[in-house]
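These notes are about the structure you will find just below.
The values are calculated or read from the model by the stated rules, or taken from the named source; none is laboratory data. Predicted model, so just to flag it, every value in this text is computed and none were measured. Here Cβ is always computed from backbone atoms with ideal geometry, including for glycine, and neighbour counts include all displayed protein chains. The protein model used for the area step is the full one, side chains on, heavy atoms only, and it has no ligands, DNA or RNA in it. Shrake-Rupley method; radii C 1.70, N 1.55, O 1.52, S 1.80 Å.
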Amino acid sequence: MSGGKREEKLQLGGFDERFYAIVGRADENLKYFSQLFDVKISARGTEIFIKGEEDKVQLAVSVIESLIKDLAITNLSPQEIRERAKNMLNNSQIQMESDDNIILITHRKKAIAPKTPTQARYIQAIKSGNVIFGIGPAGTGKTYLAMAMAIAHLKSNAVSKIILTRPAVEAGEKLGFLPGGIAEKVDPYLRPLYDALYDMVDYEKCAYMLERNIIEIAPLAFMRGRTLNDAFIILDEAQNSTKEQMKMFLTRIGFGSKAVITGDVTQIDLPKREQSGLIEATEVLKEVEGVEFVWFDEEDIVRHPIVARIIKAYEEFEKAKQS
């Protein structure tokens, strides 16, 4: 090694799941790491070779070694590996092996924890607040983390039930023209909540809790006239609630309950004449004690890196149209 250059070798062990998670399909993760850390990375057998400027190689080695340790604790997909590497590079990675940061261990033994500083603030706000708004683009973990916190609260007996709700807004399709009764008509709008729930809770246990109304999933309109006590309540896609619906929902909250409202103010599907209840709430409630707002941006997106680039491209396009 000379002239500030360095080469390191990492031994991954056998060709097990950890090896394939680090390397990725057709070496896609190694190619991603090469661009991310600005180094040359290659694999021969079960060894990884990293070449480049000394400080960049050192950082790449540190991150990859940390990822290998993470894989000994919890299963991670190749995509999750890339997301963690990016967060570590930005000095925003929360140490997943720390018990203090893990929200929930799913039935698949997957540890759920915040991955960015904003996600960490969001979790802290949910722990300490009564009404929490998580606002930002898709893929930032707003609903998923809220769901994990709800299940953690239920498991610790902090609440006796979970209520998950969404506005059943017609985005391109008319409810009246969809087949079936009201349950069948609104089910597609609630499906993402079921998906997140089944990812965290065993199917049979989940079915039991749904049958006993320990977990309730319903359209927002069904909340009218109720008082929701001793519950963890999540209002998802809140940007599609009207002003009246938002006020109705917030005044349903009873004793011993906690409410998390999530939404993306750039993805409103309401008719143009309707103002979003989420947008109005950010103005009306900004000084109200016990109400907290956490704002996410594209840096918090934990999906495929291209999602962040797509969102940014759309934002720039909209700005150009307005100028």
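Between Phe255 and Arg121, the modelled label-to-label distance comes to 3.4 nm, taking each label 7 Å out from Cα in the direction of the beta carbon.
This model, with +1 at the C-beta of Lys and Arg and -1 at the C-beta of Asp and Glu, gives the chain a dipole about its Cα centre of some 200 debye.
The phi-based Karplus calculation (6.51 cos²θ - 1.76 cosθ + 1.60; θ = phi - 60°) puts the 3J(HN,Hα) values of the stretch 310-319 at 5, 4, 5, 4, 5, 4, 5, 5, 5, 5 Hz, whole numbers, x for Gly and Pro. Here's how it looks for Ala168: its modeled amide H is under 5 Å from those of Leu220, Ala221, which are all 5 or more places away or on a different chain. Per residue, the chain exposes 53 Å² of solvent-accessible protein surface, assessed with a 1.4 angstrom probe and all protein chains in place. Take 266-277, 74-85 and order them by the average number of nearby Cβ atoms within 10 Å per residue, most first; the result is 74-85, 266-277. Under 5 Å from the amide H of Thr242 lie the amide H atoms of Gly277, each residue being 5 or more positions distant or on a separate chain, with H modelled from the backbone and absent for Pro and chain starts. Here the contact order of the stretch 222-281, divided by its residue count and restricted to Cα pairs under 8 Å and six or more residues apart, works out to 46 percent.
For the chain, the Kirkwood hydrodynamic radius from C-alpha pairs, put into Stokes-Einstein at 10 °C and a viscosity of 1.306 mPa s, yields a diffusion coefficient of 73 µm² per second. Counted residue by residue at 0.36 nm each, then reduced by the alpha carbon distance between them, the extension gain from Ile306 to Lys69 reaches 82.7 nm. If a/c stays under 1.5 just call it rounded; otherwise compare a/b with b/c (prolate if a/b is bigger, oblate if not). Do that for the stretch 269-323, with a ≥ b ≥ c from the square roots of the Cα gyration tensor eigenvalues. Note, shape of the stretch 269-323 comes out oblate.
Between Arg224 and Glu315, the modelled labels are 3.7 nm apart [label points 7 Å from Cα along Cα→Cβ].
Mean sequence separation of contacting Cα pairs (under 8 Å, at least six apart), scaled by the length of the chain, corresponds to a relative contact order of 18 percent.
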